[in-house]
Amino acid sequence: MKHVLMALGSYDYSAHKGIARFASENKWHLNSSVLKTFQMPHNWNGDGIITSLNNNDRIVQFINEANVPVVDISSWREDVEVPRVTADNFNIGEVAAEHFLEMGHHNFAWFALSLNPVGKERYEGFRVSLKDAGFDLTRIDKSRAQDGPTIVSRLLELPKPCALFCKSDYDAAWICDLCYNSNIKVPEQIAVLGVDNNELICQNQSIPLSSINHNLERIGYEGAAMLESLMNNDTHHIDRKLIKPDGITIRRSTNSLVVTDPLVSETLTYLEKNLHRPISTDDIAEAFGTTRKKIETRFRQQLHSTIRDKLIRMRIEKSKMMLKEGAKPIEDIAALTGFCHASHFSNTFKKLTGMAPTSYKRKSQRQ
């Protein structure tokens with residue numbers, strides 16, 4: 001039985017759950033005594049350490065002196081050279097930009113209560129993606145980020161409507177509270193997006209908070225798996241593994257399309273009403289008495305997407321709702337969302353969400 005110390009400087013229940021699941025499957029003795037006191041154990045003699053380093057230098061000193069394999073599941077302390085399994089924070093920023101662009105936004109902002117390496121990577125992913133799409137980004141946290149009145153004045157100065165990406169759900173909830181107290185409408189004036197999908201935060205706002213699904217349980221599990229390889233002297237392991245997010249849980253705080261073109265607005269309504277039918281762009285152009293080229297061009301200008309791609313995403317979002325309800329079989333869901341057969345639906349769903357419909361259904365029902 002391997003003895004492993006879990007020393008999480010930045011504690012997260014989901015990451016702990018992933019580590020514990022791997023430990024159980026592989027019959028580790030998992031020492032979690034550090035989590036409450038942050039007092040490092042004296043005369044500890046174990047086989048490996050899994051940690052999430054932050055500014056707690058006691059943990060850094062301990063792992064430097066422990067002389068055992070170590071895996072870090074955070075990217076706060078790049079100055080400490082240890083193998084890592086972390087979130088792909090740059091990609092998290094890319095996902096945020098893609099979501100806001102799909103909703104038709106042309107004004108963008110970023111906020112973090114305090115900026116660490118995690119936040120910097122998320123900001124860069126957001127900024128670079130928007131720059132590639134031809135848009136600028138306003139930071140409202142360059143100074144006095146935790147001063148409420150200052151941030152309110154900056155929120156009021158933003159061009160409206162504006163898409164605001166926050167480093168985490170905590171930061172996004174803080175912004176939503178400022179908006180609520182200042183009569184700034186969310187999402188009509190400021191659309192707010194967080195990261196982590198902490199349901200205790202997201203579901204309990206006056207306007208439920210959209211959030212990127214940062215898969216901390218998988219990060220914990222994969223971090224433990226990497227540590228197992230190191231303890232077994234596996235020479236084929238990699239020193240850094242990035243875990244991409246599992247898309248976005250869309251709630252009211254961003255669920256408002258910014259569409260000023262009447263033709264595009266009418267097209268979206270038409271798509272919503274006809275999700276169950278096999279429709280093409282030519283069918284839509286004919287329904288509105290226009291050309292395919294014209295309707296595609298105006299759709300791209302507003303929503304930065306083709307009609308076909310938007311239709312597929314709308315079908316997948318509707319199928320997610322049906323899967324969460326759990327009453328209908330996969331074949332019926334495929335038919336009701338316009339897919340020609342169940343296998344086509346399953347392949348498309350997995351491509352866009354990273355998991356099979358049956359897996360998504362099980363996961364939704366556990367939550």
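Per-structure values
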| read-out | value |
| --- | --- |
| Residue in region 287-294 that is within 23 Å of Leu101 (Cβ to Cβ) and either in the same structural domain as Ala97 (by TED's automatic domain parsing) or surrounded by 14 or more Cβ atoms within 10 Å (Cβ to Cβ) (or both) present | yes |
| The listed residue being touching a helix residue (DSSP H, G or I) at 6+ places or on another chain (Cβ under 9 Å), among the polar types (S, T, N, Q) and farther than 24 Å from Val259 by Cα, out of Ser359, Ser305, Ser280 | Ser359 |
| Qualifying residues in region 246-286 (those that are touching a strand residue (DSSP E or B) at 6+ places or on another chain (Cβ under 6 Å) and either exposed (fewer than 14 other Cβ atoms within 10 Å of the Cβ) or of a type outside the set (Ser, Thr, Tyr) (or both)) - the one nearest to Asp196 (Cα to Cα) | Ile248 |
| Selection status of Ile92, over 22 Å from His237 (Cα atoms) and touching a helix residue (DSSP H, G or I) at 6+ places or on another chain (Cβ under 7 Å) | yes |
| Residues (modelled with pLDDT of 85 or more and either in the same structural domain as Cys176 (by TED's automatic domain parsing) or outside any strand (DSSP E or B) (or both)) located in region 248-261 | Ile250, Arg251, Arg252, Ser253, Thr254 |
| Residue in region 38-56 that is in a helix (DSSP H, G or I), surrounded by fewer than 18 Cβ atoms within 10 Å (Cβ to Cβ) and either at pLDDT below 90 or touching a strand residue (DSSP E or B) at 6+ places or on another chain (Cβ under 6 Å) (or both) present | no |
| Residue, surrounded by the fewest Cβ atoms within 10 Å (Cβ to Cβ), within region 108-134, restricted to residues that are under 20 Å from Pro159 (Cα atoms) and at pLDDT below 95 | Gly134 |
| From Pro149, Pro187, Pro161, residue being farther than 17 Å from Leu113 by Cβ, out of contact with any strand residue (DSSP E or B) (no Cβ under 7 Å at 6 or more places or on another chain) and not assigned by TED's automatic domain parsing to the domain that holds Val70 | Pro187 |
| Members of region 23-37 that are over 22 Å from Val85 (Cβ atoms) and either at pLDDT 80 or above or buried (at least 19 other Cβ atoms within 10 Å of the Cβ) (or both) | Ser33 |
| Any hit, region 191-209, residues being of a type in the set (S, T, N, Q), assigned to a strand (DSSP E or B), touching a helix residue (DSSP H, G or I) at 6+ places or on another chain (Cβ under 6 Å) and under 18 Å from Arg122 (Cβ atoms) | no |
| Evaluation of Asp171 against (1) out of contact with any Phe, Trp or Tyr (no Cβ under 8 Å at 6 or more places or on another chain); (2) charged (D, E, K, R); (3) touching a residue at least 40 places away in the same chain (Cβ under 8 Å) (one fails), failing number | (1) |
| Residues of region 96-107 satisfying the condition of being assigned to a helix (DSSP H, G or I) and surrounded by fewer than 24 Cβ atoms within 10 Å (Cβ to Cβ) | Glu98, His99, Leu101, Glu102 |
| Test: residue in region 164-185 that is in contact with an Asp or Glu (Cβ under 6 Å, 6 or more places away or on another chain), surrounded by fewer than 21 Cβ atoms within 10 Å (Cβ to Cβ), in a loop (DSSP other than H, G, I, E, B) and among the hydrophobic types (A, V, I, L, M, F, W, C) | no |
| Which listed residue, of Lys363, Lys351, Lys318, is within 24 Å of the chain's Cα centre (by Cα), assigned to a helix (DSSP H, G or I), touching a residue at least 40 places away in the same chain (Cβ under 8 Å) and surrounded by fewer than 19 Cβ atoms within 10 Å (Cβ to Cβ) | Lys318 |
| Some residue of region 124-143 being touching a residue at least 12 places away in the same chain (Cβ under 8 Å), part of a helix (DSSP H, G or I) and more than 18 Å from Ala96 (Cα to Cα) | no |
| Selection status of Ala356, of a type in the set (A, V, I, L, M, F, W, C), surrounded by fewer than 17 Cβ atoms within 10 Å (Cβ to Cβ) and more than 26 Å from the chain's Cα centre (by Cα) | no |
| Test set (1) surrounded by fewer than 14 Cβ atoms within 10 Å (Cβ to Cβ); (2) of a type in the set (A, V, I, L, M); (3) assigned to a helix (DSSP H, G or I) - Met1 fails condition number | (3) |
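The values are calculated or read from the model by the stated rules, or taken from the named source; none is laboratory data. Because the structure is a prediction, the values reported are computed rather than measured. Neighbour counts are summed over all protein chains in view; Cβ atoms, including those assigned to glycine, are modelled from backbone coordinates with ideal geometry.
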